[in-house]
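What follows is one structure encoded as structure tokens, with my remarks underneath.
The values are calculated or read from the model by the stated rules, or taken from the named source; none is laboratory data. Predicted, not measured: the structure shown is a model, and the values here were computed from it. In this analysis, Cβ positions are derived from the backbone assuming ideal geometry, glycine residues included, and neighbour counts consider all displayed protein chains. Accessible surface is based on the protein model in full, side chains and every heavy atom, while ligands, DNA and RNA are left aside. Shrake-Rupley method; radii C 1.70, N 1.55, O 1.52, S 1.80 Å.
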Amino acid sequence: MQGKRGPNEMRCVRRDWLLRALEEELPKGTIRYSSKIVAIEEDGNAKILHLADGAILRAKVLIGCDGVNSVVAKWLGLAKPSSSGRLATRGLAHYPDGHVFEPRFQMFVGHGFRAGVIPCNETDVYWFFTWSPSEHDSNGVDQNAAKMKQFVLAKLRSSKIPPEMLEVVERSEMNDVLAAPLRFRPPLSLLLASISKGNVCVAGDALHPMTPDLGQGGCAALEDGVVLARCLGDALLGESPAGGAADSERIEAGLREYARIRRWRSVELVGTAYVVGFVQQSNNAVISFLRDNWLAGVLTRRLLKMADYDCGAL
């Protein structure tokens with residue numbers, strides 16, 4: 001299918017490699033790791049951040065990128081993320097001599113689960129598996145790597161999955177997070193939420209935690225970064241003959257513009273991801289019939305359309 005700027009393309013990038021590449025573009029020491037926020041205080045226009053290690057930071061602008069359990073989002077009054085009732089596990093298989101997969105994304109849906117596989121490069125293949133837990137699954141699979149792998153393989157084998165997909169799971173090292181609950185922020189709550197307040201805003205999962213069914217969580221965070229940098233840059237580089245007071249007003253205006261731009265995009269991403277995941281994973285007879293006979297193409301086109309988005313330049 002053709003997108004707005006040519007053929008649609010999907011690439012799998014290891015998160016740690018991406019973060020390293022981004023960090024290398026920053027001055028050394030810019031990033032402080034293990035800096036979990038535990039409390040936020042106000043001191044005039046500044047925000048005083050209390051960290052878990054006892055450190056205290058004074059911030060002219062506070063951008064909360066602290067994930068699904070964001071302290072900054074809670075301070076802003078955003079709705080608490082909801083449970084989707086689903087779990088996910090994932091892994092990375094390494095093929096030292098190369099694998100046989102073509103550079104495309106393969107997905108298997110229905111029968112109460114959703115699974116996919118995509119190569120990262122010539123030697124690494126990423127896979128994921130999501131499902132809705134039941135009483136029959138409560139035998140410790142989410143606490144033991146070996147049990148988790150056998151659980152996934154059993155589910156896949158019961159659905160006649162291609163043998164090369166089974167091999168990917170068999171040869172992979174299980175992720176440290178054996179099973180993660182899939183949560184999302186109710187999209188309707190974002191329509192009127194305070195994404196920014198004064199000199200504080202949120203981005204990434206702190207703003208729009210979503211189920212992974214579009215593969216857009218990290219991508220949306222990068223979009224947030226571009227839009228936020230552009231809005232703050234316009235604010236900070238503007239003329240300010242009045243001095244400090246005008247500086248803070250321009251920053252607040254820049255954050256409000258960022259919130260305006262990202263609000264509907266966030267609502268659309270979170271809502272679409274939830275619906276796509278629910279329909280594709282469903283084991284309900286009626287939904288399965290509609291999905292397999294009518295909705296498969298619609299959902300695929302929707303998935304590609306959500307990725308075919310231009311957030312603008314810096």
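Hey, could you check region 62-105 for residues that are β-branched (Val, Ile, Thr) and open to solvent by 20 Å² or more (accessible area, probe 1.4 Å) and say which is nearest to residue 146 (Cα to Cα)?
Step one: of region 62-105, the residues β-branched (Val, Ile, Thr) are 63, 68, 71-72, 89, 100.
Checking the rest, the ones that are also open to solvent by 20 Å² or more (accessible area, probe 1.4 Å) come to 63, 68, 71, 100.
Values: 63: 40, 68: 28, 71: 35, 100: 25 Å.
Ranking the candidates gives 100 first.
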Legend entry - Residue satisfying all of: in region 252-308; touching a residue at least 60 places away in the same chain (Cβ under 8 Å), open to solvent by 20 Å² or more (accessible area, probe 1.4 Å) and not in a helix (DSSP H, G or I); nearest to residue 83 (Cα to Cα) among these: 283
Inset, instruction - Considering every residue within region 195-207, establish whether at least one is farther than 30 Å from residue 301 by Cβ and either without any contact (Cβ under 8 Å) to a residue 24 or more places away in the chain or among the hydroxyl-bearing types (Ser, Thr, Tyr) (or both). - result: yes
Legend entry - Residue match in region 109-118 (condition: open to solvent by 40 Å² or more (accessible area, probe 1.4 Å), under 28 Å from residue 248 (Cβ atoms), of a type outside the set (Gly, Ala, Ser) and outside any loop (DSSP other than H, G, I, E, B)): no
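Looking at residue 121, is it at pLDDT below 95 and crowded, with 16+ Cβ neighbours inside 10 Å? Steps first, please.
Details: at pLDDT below 95: yes; crowded, with 16+ Cβ neighbours inside 10 Å: no.
Spelling it out, it is not the case that residue 121 is at pLDDT below 95 and crowded, with 16+ Cβ neighbours inside 10 Å.
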Legend entry - Residues (open to solvent by less than 10 Å² (accessible area, probe 1.4 Å) and either in contact with a strand residue (DSSP E or B) (Cβ under 8 Å, 6 or more places away or on another chain) or in the same structural domain as residue 129 (by the TED database) (or both)) located in region 208-242: 209, 211, 213
Inset, instruction - Please name all residue pairs, on different chains or six or more residues apart, with Cβ atoms under 7 Å, provided the first residue is in region 1-19 and is exposed (fewer than 10 other Cβ atoms within 10 Å of the Cβ) and the second residue is hydrophobic (A, V, I, L, M, F, W, C). - result: 1/304
Inset, instruction - State whether one or more residues within region 72-94 are without any contact (Cβ under 8 Å) to a residue 24 or more places away in the chain, assigned to a loop (DSSP other than H, G, I, E, B) and in contact with a strand residue (DSSP E or B) (Cβ under 6 Å, 6 or more places away or on another chain). - result: no
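Going by the conditions given, is residue 140 at pLDDT 95 or above and exposed (fewer than 14 other Cβ atoms within 10 Å of the Cβ)? Can you show your working first?
Working: at pLDDT 95 or above: no; exposed (fewer than 14 other Cβ atoms within 10 Å of the Cβ): yes.
In short, no.
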Inset, instruction - Looking at (1) buried (at least 18 other Cβ atoms within 10 Å of the Cβ); (2) out of contact with any Leu (no Cβ under 8 Å at 6 or more places or on another chain), find the lone condition where residue 200 falls short. - result: (2)
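So which of 8, 69 is in the same structural domain as residue 199 (by the TED database) and not aliphatic (A, V, I, L, M)?
Values: 8 fails: in the same structural domain as residue 199 (by the TED database).
The unique qualifying residue is 69.
Residues of region 1-52 being part of a strand (DSSP E or B) and under 30 Å from residue 121 (Cβ atoms), which ones?
Looking only at region 1-52, we keep the residues that are part of a strand (DSSP E or B), and these are 2-3, 6-7, 37-43, 46-51.
Residues satisfying the conditions are 2, 3, 6, 7.
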